[in-house]
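A short write-up of the structure that comes next.
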Amino acid sequence: MKFEVPYTDFPSQFRQSGEETLEAVERVLAAGNFILGEEVEAFEKEFAEFCGTKAAVGVANGTDALMLALKALGVGPGDEVITAPNSFIATAGAVVQVGARPVFVDVRADQNIDPGRIDVAITPRTRAILPVHLNGRCADMAAILEVANRRGVPVIEDAAQAVGSSLDGQRAGSFGLAGCFSLHPLKNVNAVGDAGIITTNDEDLARRLRLFRNHGLRSRDESEVWGVNSRLDALQAAVLRVRLRRFPEVVEARRRNAACYRSALSSVVECPVERPQEHNTYHLFVIQCDGRDELKASLASQGVDTRVHYPIPIHLQRCCRGLGYRPGDFPAAERQAGRILSLPVHQFLTRAQVEKVCAEVGAFYAAERASARR
Ligand SMILES: *Cc1c(COP(=O)(O)O)cnc(C)c1O
């Protein structure tokens with residue numbers, strides 16, 4: 001189905017920067033160096049600089065970024081990692097992958113993890129706190145770091161959705177011991193396949209991450225520790241360098257769209273919060289609303305494509321059954337799962353398209369009110 005207001009627009013991205021992208025691809029093909037190497041090192045350096053961290057380590061995807069950061073911290077069987085139940089499944093999946101147990105705590109009305117509940121959930125087995133910058137909006141890092149520092153537990157940020165977002169001028173990925181990013185095609189700085197990266201200010205952690213992502217290899221022939229194959233490839237890195245350079249334009253357009261939604265829709269539905277100290281790059285623009293499924297269907301019938309991130313909280317997924325959670329354990333996350341809707345916010349939307357979305361949302365609730373009166 002072709003939507004008048006599509007949720008994504010990759011063809012436009014290619015039209016806009018196709019020439020530079022093809023040049024980058026050609027450079028890699030001509031050099032013939034396809035795994036790690038110069039392109040990856042250059043991208044790592046540029047990405048670290050962008051986030052304001054000392055180092056960045058490119059890996060195969062965002063899930064591996066989380067898994068490798070946990071592994072490099074020594075998190076394993078018998079350990080607990082505190083995280084949010086309203087994320088993409090990969091957040092908890094990475095914890096399970098290193099053999100540890102995800103311990104969920106509920107979120108606040110603004111969808112981000114509740115630092116007060118983290119404090120209460122810490123046990124002698126807690127080895128890390130894994131907040132998610134959901135929808136691209138930074139979690140309450142000041143409060144989370146206060147708890148973490150007081151209790152002596154390291155923080156790893158799931159910054160998969162939050163490239164470039166900041167709090168008081170400090171960018172996502174630079175708050176905790178490590179920041180884990182996905183560069184999946186659907187994320188804001190996007191590869192043309194799977195890719196991920198880990199940021200850190202800890203040079204020794206960066207060194208361990210470089211070992212773990214490539215079989216523990218210290219040199220061509222010497223393995224220091226057991227690692228995995230989670231290398232970033234040069235083609236992805238070359239394309240990502242082009243897209244990171246163009247990222248400021250992306251942010252500007254997404255923020256413009258978000259501002260437009262906020263001014264038109266704040267009186268109709270609950271819009272994402274953005275406090276003065278926050279700068280959100282709007283990976284997603286998620287409203288909370290009554291009659292979500294009906295609104296989604298109505299928008300689709302008017303040519304507006306929307307998504308739900310995510311309709312089933314992680315603790316209620318089938319794969320989570322062994323962990324013993326039940327419906328009702330996290331009332332805020334569960335309630336929000338039935339009320340959230342992601343409106344298209346990508347950088348290629350025209351003003352007219354954004355206004356159409358606003359008008360259709362407004363029309364839906366006006367019709368609802370009229371039928372309630374009848
Ligand atoms: C996308 C995403 C991931 C996983 O990234 P992949 O690159 O798909 O492995 C992890 N956490 C969150 C919050 C995400 O949105």
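Values in this text are rule-based calculations from the coordinates and carry no lab data. Bear in mind the structure is a predicted one, so any value in this text is a computation, not a measurement. Note that we place each Cβ from the backbone using ideal geometry, even for glycine, and neighbour counts take in every protein chain shown.
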Quick check on the exposure proxy: order M141, M1 from fewest to most C-beta atoms within 10 angstrom.
M1, M141
Computed over the stretch 4-93, the relative contact order (Cα-Cα under 8 Å, seq sep at least six) in percent reads 15
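Work out, in µm²/s and without decimals, the Stokes-Einstein translational diffusion coefficient of the chain at 25 °C, 0.890 mPa s, Rh from Kirkwood over C-alpha pairs.
Once the numbers are plugged in, D ends up at 114 µm²/s.
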What are the ³J(HN,Hα) couplings of the stretch 314-331, residue after residue, when phi is run through the Karplus curve with 6.51, -1.76, 1.60 and θ = phi - 60°? Round to Hz, x for glycine and proline.
4, 5, 9, 6, 3, 5, 8, 4, x, 8, x, 7, 9, x, x, 5, 10, x
Return the sequence-ordered ³J(HN,Hα) values of the stretch 176-188 in whole Hz as given by the Karplus equation 6.51 cos²θ - 1.76 cosθ + 1.60 applied to θ = phi - 60°, using x for Gly and Pro.
x, 5, 8, x, 10, 10, 9, 10, 3, x, 8, 8, 5
Given the rule -39500 (n - 2.57) for each run of at least 4 DSSP H residues, summed and divided by the residues of the chain, what is its mean residue ellipticity at 222 nm, to the nearest 500 deg cm²/dmol?
-13000 deg cm²/dmol
List every residue whose amide H lies under 5 Å from the amide H of R307, counting only residues 5 or more places away in sequence or on a different chain, with H placed 1.01 Å from N in the peptide plane.
S342
So which GluC sites (Glu not before Pro) in the stretch 1-60 end up in coil per DSSP with only 13 or fewer other C-beta atoms within 10 Å?
E4
A student applying the Cα gyration tensor rule (rounded when a/c is under 1.5; otherwise prolate if a/b is larger than b/c, oblate if not) would label the stretch 172-229 oblate
Table column - 3J(HN,Hα) (Hz), the stretch 103-111, Karplus curve with 6.51, -1.76, 1.60, x for Gly and Pro:
10, 8, 10, 6, 10, 8, 4, 8, 6
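Compute the Cα gyration tensor for the stretch 2-84, then decide on rounded, prolate or oblate, letting a ≥ b ≥ c be the square roots of its eigenvalues: rounded whenever a/c is under 1.5, prolate when a/b is larger than b/c in the other cases, and oblate in all that remain.
Oblate shape, in that a/c is at least 1.5 and b/c is the bigger or equal ratio.
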Do any chymotrypsin sites (Phe, Trp or Tyr not before Pro) in the stretch 211-268 lie in a loop, going by DSSP, with at most 11 other beta-carbon atoms within 10 Å of their beta carbon, and if so which?
W226
Segment F3-R256, extension gain: residue separation times 0.36 nm, minus the distance between their alpha carbons
88.9 nm
Restricting to Cα pairs below 8 Å that are 6+ residues apart, what does the relative contact order work out to for the chain? Please round to a whole percent.
22
The rounded separation in angstrom of the Cα centers of the stretch 317-374 and the stretch 77-155 is 24
Does the stretch 6-152 come out rounded, prolate or oblate by the C-alpha gyration tensor, with a ≥ b ≥ c the root eigenvalues, rounded set by a/c under 1.5 and, if not, prolate when a/b is larger than b/c and oblate if not?
prolate
